[in-house]
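Engineer: This is the structure I have questions about; it appears just below.
The values are calculated or read from the model by the stated rules, or taken from the named source; none is laboratory data. Computed from a predicted model, the values in this text were never measured in an experiment. Cβ: placed from backbone, ideal geometry, glycine included. Neighbour counts: every protein chain shown. The protein model used for the area step is the full one, side chains on, heavy atoms only, and it has no ligands, DNA or RNA in it. Shrake-Rupley method; radii C 1.70, N 1.55, O 1.52, S 1.80 Å.
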Amino acid sequence: MSQAIAGPAPIAVELPTLSLREAWPWALFGLILMLLAVYFVGAEQGATSLISGNAVHEWVHDARHLLGFPCH
Amino acid sequence: MLTLRDFLVRGLLAGLIAGIAAFFVAYAVGEPPVAASIAIEEAAGGHDHGDEAEEAAAAADEGTEVPRPVQSTVGLATGMLVLGTALGGATGLLTGAAMGRLFSRTNVRATALAVNGVAFVTLFFVPYLIYPPNPPAVGNGETIGYRTALYFAMVALSIAGAAIALALARNLRHQIGSWYAGLAGVATYVVIAVAALGVMPRYDEVPAEGFPPSLLWEFRLSSLLVQIVLWGVIGVVLAELSHRAVAQKAAPRPTQLIDA
Ligand SMILES: [Zn+2]
């Protein structure tokens with residue numbers, strides 16, 4: 001991609017980089033929320049249970065099987 | 001001003017769209033083998049009603065609280081949308097963090113596609129090689145804890161391998177160039193993944209008889225297809241949205257200013 005010298009150069013501009021320094025606390029928070037979502041779809045009321053009963057497991061049951069998580 | 005938050009929002013949106021696409025594929029291709037498996041399970045009397053009450057969650061009990069027609073439609077959609085959105089948000093953040101640093105210095109579309117390709121291989125495909133998904137009727141309810149622990153341990157090893165490989169490739173870039181650094185990264189990941197696949201314990205709970213091999217194949221293939229569609233759609237949509245975000249918010253500025 002080093003043909004930026006010839007002619008009316010196409011947009012071979014270097015991309016900006018985003019500062020991660022001030023963003024990491026809430027990015028981490030977001031990742032934890034996403035992990036929680038993965039946990040509820042993939043594992044809750046299977047190997048471990050945060051909520052009693054079997055409703056969560058059954059509600060997402062087919063998605064859990066088809067997404068490849070161990071189910072039962 | 002372009003921030004990580006812009007990528008998070010676009011990733012969540014891409015994930016939602018991918019979840020919808022994955023739902024349709026799962027419903028069309030995945031539900032038939034799931035329904036056939038449940039029919040076999042029930043014909044074999046797979047309901048262990050005598051199980052201990054505490055073990056109810058782990059028991060192979062189908063459709064006691066949520067009726068099957070709900071599980072295979074709204075339930076399936078919930079799972080696909082929630083997982084798709086979560087994974088999309090995560091790869092959105094990773095794409096934002098990787099922009100200009102990893103995979104490409106000039107093309108954010110390439111970065112987004114590469115992030116999603118790496119995520120597909122790392123989070124799904126390599127664990128799939130050793131712990132392939134099983135349909136209902138396959139699997140012993142008593143070992144669910146063990147199998148879940150193995151599955152997530154394999155995912156964690158795979159993530160660690162990818163992180164090491166990416167760090168190595170990034171550090172080697174200035175010495176041997178992007179191409180060879182990329183190859184070194186891929187080789188590093190392959191070595192770590194093959195070692196993990198060799199070391200992790202294996203199990204096979206497919207019944208010796210009573211479950212058609214062709215049905216197992218159909219189910220596992222449909223599962224793979226669902227994941228390919230999920231990551232493919234996240235990748236393409238995120239690539240396009242990221243490109244537009246950069247074009248709108250970052251390009252007009254001659255110099256990049258990073259302020260809050
Ligand atoms: Zn199940």
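Engineer: Once phi is turned into ³J(HN,Hα) by the Karplus curve 6.51 cos²θ - 1.76 cosθ + 1.60 with θ = phi - 60°, what whole-Hz value does each residue of region B:74-81 show in order, with x for glycine and proline?
Structural biologist: Calculated HN-Hα couplings, in order: 5, x, 4, 5, 4, x, 5, 5 Hz.
Engineer: Using θ = phi - 60° and the Karplus relation 6.51 cos²θ - 1.76 cosθ + 1.60, list the HN-Hα couplings for region B:182-188 in order, rounded to whole Hz, with x at every Gly or Pro.
Structural biologist: For region B:182-188, the Karplus-derived couplings read x, 4, 4, x, 4, 4, 4 Hz, x marking Gly and Pro.
Engineer: Turning to a different aspect of this structure: For every helix of n ≥ 4 consecutive DSSP H residues, a contribution of -39,500 (n - 2.57) applies; sum these over chain B, divide by its total residues, and give [θ] at 222 nm rounded to the nearest 500 deg cm²/dmol.
Structural biologist: Counting only the DSSP helices, I get -23000 deg cm²/dmol.
Engineer: Could you list the residues of region B:93-125 with an amide nitrogen less than 12 Å from a label point located 7 Å from the Cα of A:T17 in the Cα-to-C-beta direction?
Structural biologist: B:97-103, B:105
Engineer: Roughly how much of B:I159 is accessible, in Å² to the nearest 10, using a 1.4 Å probe?
Structural biologist: Estimated to the nearest 10 Å², B:I159 gives 80 Å².
Engineer: Could you pull out every residue, at least 5 positions away or on a different chain, whose amide H is within less than 5 Å of the one on A:L15? Hs are placed 1.01 Å off N in the peptide plane, and Pro or chain starts have none.
Structural biologist: Sorted by chain and number, the residues that satisfy this are B:T106.
Engineer: So what does A:Y39 come to for accessible area, using a 1.4 Å probe and Å² rounded to 10?
Structural biologist: Rounded to the nearest 10, that gives 50 Å².
Engineer: Let me ask something else about it. Rounded to the nearest 10 Å², what accessible area does B:H243 show when all protein chains are kept and the probe is 1.4 Å?
Structural biologist: Roughly 70 Å² of B:H243 is accessible to a 1.4 Å probe.
Engineer: With springs only between Cα atoms under 10 Å, which of B:V199, B:V108, B:V236 fluctuates most in a Gaussian network model of chain B?
Structural biologist: Greatest mean-square fluctuation among the candidates belongs to B:V199.
Engineer: Residue by residue, what Karplus-based ³J(HN,Hα) values in Hz, rounded to whole numbers, does region B:32-40 have, using 6.51, -1.76 and 1.60 with θ = phi - 60° and x for Gly and Pro?
Structural biologist: Result, rounded to whole Hz: x, x, 5, 5, 5, 5, 5, 4, 5.
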